[in-house]
C-alpha cells in the first residue's frame, strides 16, 4: 500500500495511517513517501506508527504523484494499492478491492469512479459534466477511478511511460488521476468498481489546501487538452 502526505495534512495523517495498518486483510507493506522537507516535519504521532508496520521513505517531491510513482519505480512487480492521506478507510476497504479484482494483469479496481465522457463531436466533455460516483460497469473502458477512494493497480496495468516525471509534470501537473487513467488505457487495461459502497469520510479541516480545490471548474479540462494532444483519446470516439 502506498501514499504520500505533506505538512498541512500532518495533524490528521496518523488517523488515516491507523485505518490502513488495521485492515481486516493486512497489507504486505504500508509505505508513506515524503519529500525531504516534509520528512523533517513529521510529527511524533506518525513516527510512533513505525512500530506498527508503517514504512516512511524519503523521495523527491512529485506533488500528488508522490503517492504512486516512487512505488512503481521501487516495486515494478508488486500489486500496488494507493490511498489518500485525508480519509477514513473502513476496516474491510482493502479486502473489498482484493475481492473485486479478478487477478488479471489488465484489470484496475477502484472504490469510487466517474464516467469518462465524450461529446457528440468526439471531443472530451467538460470534466464537471461527467457522471460522478457511478456504480455500473457497462463500459469498463470508460470507468475513471478517483484516487480518494483507493485504487488497486496490478503490475503491468499502466504503460511504461507512467513514471516519466518530465511528461506528467508538463501535461497534467495537478491531475494524477487523469494521467493514471491515460496510462492505464494505453496499457490496454479495463476497470472495475467495488460493488459494496463504502462511506467516504474526509477528516475535518484537512481540505484547506486540497487538490480538488485547485482543479475545480476548469482545472482538469486544462490538463485533459495536453494529454489528448500528446496521446490521443483514451477510448474510441463515439459514432
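Since every read-out is calculated from the coordinates, none of them should be taken as a lab result. Predicted, not measured: the structure shown is a model, and the values here were computed from it. In this analysis, Cβ positions are derived from the backbone assuming ideal geometry, glycine residues included, and neighbour counts consider all displayed protein chains.
Per-structure values
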item: With Cα atoms, 0 to 90° folded angle of helix 176-186 axis to the chain main axis; result: 50 degrees
item: Distance between the range 156-193 and the range 1-58 - C-alpha centres, whole angstrom; result: 24 Å
item: Likely footprinting exposure, 19, 110, fewest C-beta neighbours within 10 Å first; result: 19, 110
item: Helix-only [θ]222 nm of the chain, DSSP H runs n ≥ 4, -39500 (n - 2.57) each, per residue, nearest 500; result: -8000 deg cm²/dmol
item: Tilt relative to the chain, helix 10-21 - C-alpha long axis, 0 to 90 degrees, to 10; result: 80 degrees
item: Helix 219-231 vs. the chain, principal-axis angle (Cα, 0 to 90°, nearest 10); result: 60 degrees
